[in-house]
Amino acid sequence: MTCTETTELSDAPRLIALNQSCFCMALSRPDLDAGIIAATGIEGLDGLLSDRRNLFAATGVFVSPADVANMQAQVAAIEAAAALEAFRAAVQARSGDDITRVQPQTRGLFMGYDFHISEQGPQLIEINTNAGGGFLAAGLQDAAGRAAFTCHDAQLQNEGVAAWKMVETFLSEWRAGGRSERLDVIAIVDQEPQRQYLYPDMLMAQHHLEQSGIKTLIVDPSELTYCDGELLCRSSRVDLVYNRLTDFDLSEPGNAALRRALVEDAAIISPAPRHHAIFADKRNLVWLSDQDLLRSWGLGEHHILALEGVPRTLRVTPENAQALWASRKGYFFKPAAGFGSRATYRGDKLTHRVWSEILKQDYIAQAFVPPNLRAVTVDDQKLTLKYDVRLYTYSGETLLIAARVYQGQTTNFRTSGGGFAVVYQC
């Protein structure tokens, strides 16, 4: 089957079939790496990329314009729901921590909305507030734009503009936080950043920000201090923190300087505990998949219709535990405050031992939406791998569309031929 033989099918089945059958797009990893390195000139980036063999996929993913519009409509509906007074009140009542009220006008850097594409259209799997990889994905798309392939009807998404748009979000977040003076110093903060798999993404963010004239540091939170109303790092006052930590409420002792700077409005922290509580806490999916609740809170009918793409989600409680165990094969179980697919379980893989552990913790049960498949050639062998599609957004605006190709229960960077993938509209 060629890439044009599925055009007579309806939109979703056509693209599903295309992704599963088209082996003609093969992207050379050495060429992709070389393009990214040449575009940035970051010292040592070549070694970091070569050490991460499964960072970039060996192919791209096809998505229809209709599915892109559908995903963006879901993002807009979630933004509208999250702005409702009743939604915010429910978040605050659940949290009980005033940290979720601080810096209320900021929007959160690099929101990530992750979707599986089904025959019914895109279905939201989860929302992340510190969605890493955006700068890598932008560099990948630029490099892929210079690579030839045979699917000539496909158009690359956002070629050449994503990195510039992402830098602009830092300036927008600075202004949203009530600052009118110049943004001088940004700190990209993560636990032992040089040991993180996505450290190259931080280096690329630093490169693009410094190209825009903003001094940018990549630091562990232990390098930050709070003194006399200022957040300091390496003798520099930090104006804005690009927060990549997974301590979402900044409650760990090692993040005390960050938390105090946020509470006292000494620096813009983004994403902040408020952003995670409003958007990325997985318990929010219970509300977002409950049309009657959203209607009672005042959400417009067109947004409620868009949110039909959110799979039905339930809290795991002692009251529904027996019913959920009996129907477990139809669910995916996730910790409410989880990240990076940790401690997540497909229901059909659950054991009694794991289930007993789930019942001791705060979990959700999300109706299982299987990922679709992408054909890929790895070492001259034809394979089909799973994929999801991510929208990186700021304030509801799409900055970049990327995909992640993988094998296994959840997304990972351990699959040969998998990793971040470019997205083509077709």
The chain: DSSP helices with Cα axial extent of at least 20 Å and average Kyte-Doolittle hydropathy no lower than 0.5: 65-82
Mean-position separation - Cα centroids, the stretch 318-359 and the stretch 223-286, in angstrom: 31
Accessible area in square angstrom per residue, the chain, 1.4 angstrom probe: 42
Accessible area of the chain belonging to carbon and sulfur atoms, whole % at 1.4 Å probe: 48
Count of lysine pairs in the chain with Cα separation under 27 Å (8 or more residues apart, or interchain): 14
Gained length - Thr246 relative to Glu301, 0.36 nm times residue gap less alpha-carbon distance: 16.4 nm
Compactness relative to 2.2 N^0.38 Å, alpha carbon Rg of the stretch 17-112: 1.68
Dipole magnitude (debye, nearest 20) for the chain, charges at Cβ of Lys, Arg, Asp, Glu: 960
DSSP loop GluC sites (Glu not before Pro) with at most 13 other Cβ within 10 Å excluded, longest remaining stretch of the chain: 320-426
Estimated distance in nm for a label pair at Asp46 and Trp164, the labels positioned 7 Å out from Cα along Cα-to-Cβ: 2.9
Volume of the Cα convex hull of the stretch 169-249, divided per residue and given in Å³: 111
Rg to Rh quotient for the stretch 149-300, alpha carbon positions, Kirkwood Rh: 1.05
Antiparallel %, DSSP beta bridges [both residues in the chain], to 5: 75
Test item: Cα-centred dipole of the stretch 288-364, Lys/Arg +1 and Asp/Glu -1 on Cβ, debye: 460
At 1.306 mPa s and 10 °C, Stokes D of the stretch 297-426 from Kirkwood alpha-carbon radius, µm² per second: 93
Against the rule of thumb 2.2 N^0.38 Å, how large the Cα Rg of the chain comes out: 0.97
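The values are calculated or read from the model by the stated rules, or taken from the named source; none is laboratory data. Keep in mind it's a predicted model, so treat the numbers as computed, not measured. Because the Cβ atoms are built from the backbone with ideal geometry, glycine has one as well, and the counts that use them run over all protein chains shown. Ligands, DNA and RNA are stripped out before the accessible areas are found, and what is left, the full protein with its side chains, is counted by its heavy atoms. Shrake-Rupley method; radii C 1.70, N 1.55, O 1.52, S 1.80 Å.
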